[in-house]
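Contents: one structure, followed by commentary.
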Amino acid sequence: MAVRIQTEDFDAGAEMAALRRGNPKIGAVASFIGVCRDVNDGDIVTKMTLEHYPGMTEKALEKIVAEAKARWDVMEVLVVHRVGELKPADQIVLVAVAGAHRGEAFAACEFIMDYLKTRAPFWKKEETPQGARWVEARSSDDDAAERWNSPKADVA
Amino acid sequence: MKIKVLYLASLRERLGKAGEDLEISPETSTVAGLRTLLMARGGAWQAALAQGKALRVAVNQEMAQPTTPVKPGDEIAFFPPVTGG
């Protein structure tokens, strides 16, 4: 299964070993792990709750993975995203891409994260000493996703 | 026609409602029309759904535009810009 939404933590090493197991044509595994920080917009964050839209989340992520596979020559993709309560230093998301060469794997991995940040229906609510607040979307995330639409974006 | 409407994340909290089954006139045929209909409830609805507010809409779990058609049996979700990852 290329896409998983779960409350429990993940073992990135085990996930990546499983991703390339039995396929000696894979020469590169690129990955990204998103981690919960203890500070945001200048305030201390003590806890975070991740909410999503069950049903749409899986569809949106599968669509992003399919688009990455269509754009780059990669063999295996895994996206694991946690939901529920998380604390600072907890892992939030894992994207791992396996292919023959690093260039395509790196590019596909970054593309998937940029699209996930702007198109997958997850929302973060953080607890701070000033109270709970919903995290605001950043325009820099829109810019990061938008750059993949430029003509040179597919060059790996 | 009957539709299902969902309100997610901060929008659910502002509206005090996670979702509802609605019977609407077939004249409300687009996402923009439904938004206008809900805003007419006034109060928090008017404020939270006001034009210019950063708001995303999905129809049947696919990202939608103001012009996206609304049909009988559709699931329409309103939510703020996403912040995962």
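The values are calculated or read from the model by the stated rules, or taken from the named source; none is laboratory data. Quick caveat, the model's predicted, so the values are computed rather than measured. Note that we place each Cβ from the backbone using ideal geometry, even for glycine, and neighbour counts take in every protein chain shown. Heavy atoms of the whole protein, side chains included, go into the accessibility calculation; ligands, DNA and RNA do not. Shrake-Rupley method; radii C 1.70, N 1.55, O 1.52, S 1.80 Å.
I'd like the FRET efficiency for A:Arg71 and B:Ala40, computed as 1/(1 + (r/R0)^6) with the beta carbon distance as r and R0 of 45 Å, rounded to 0.05. Display every interim value, and only then the final one.
Numbers: r = 43 Å, r/R0 = 0.96.
Calculated transfer efficiency: 0.55.
Between exposed GluC sites (Glu not before Pro) in chain A, where DSSP calls loop and at most 15 other Cβ atoms lie within 10 Å, what's the longest gap?
Details: sites that count: A:Glu8, A:Glu136.
After excluding every exposed loop site, the longest remaining stretch is A:9-135.
Any idea what log10 I(q)/I(0) is at q = 0.22 Å⁻¹ for chain B, Debye with uniform C-alpha scatterers and no solvent? Results for chain B at q = 0.22 Å⁻¹ read -1.10. Charge tally around B:Gly84: other residues with Cβ under 9 Å, Lys/Arg +1 each, Asp/Glu -1 each, net +2.
For the protein assembly as shown, the solvent-accessible area of protein heavy atoms averages 50 Å² per residue (probe radius 1.4 Å; ligands and nucleic acids excluded).
In the assembled protein chains, A:Val35 presents an accessible area of approximately 80 Å² (probe radius 1.4 Å). Both radii were evaluated on the Cα set of the range A:22-110; the Rg over Rh quotient, with Rh as the Kirkwood radius, amounts to 1.06.
Max-minus-min Cα coordinates of the range A:85-156 on each principal axis give 46, 24, 17 Å, with the largest extent listed first. Considering only alpha-carbon pairs that sit under 8 angstrom and 6 or more positions apart, the relative contact order computed for chain B is 40 percent. Reducing the range B:7-31 and the range A:62-117 to their Cα centroids gives an inter-centroid distance of 32 Å. Placing dummy labels 7 Å off each Cα toward the beta-carbon, the span from B:Lys2 to A:Thr7 is 3.1 nm.
Translational diffusion coefficient of chain A (Stokes-Einstein, Kirkwood radius from Cα pairs, 37 °C, 0.692 mPa s): 201 µm²/s.
Please report, as a whole percent, how much of the solvent-accessible surface of chain A comes from carbon and sulfur atoms (probe radius 1.4 Å). Provide the component values of the computation, followed by the final result.
Numbers: 3970 of 7920 Å².
Ligands and nucleic acids excluded, carbon and sulfur reach 50 percent.
Taking the Cα atoms of the range A:1-55, the ratio Rg/Rh between the radius of gyration and the Kirkwood radius comes to 1.08. Within the range B:3-52, list the trypsin sites (Lys or Arg not before Pro) lying in a DSSP loop whose Cβ has at most 16 other Cβ atoms in a 10 Å radius. Filter output for the range B:3-52: B:Lys17, B:Arg41.
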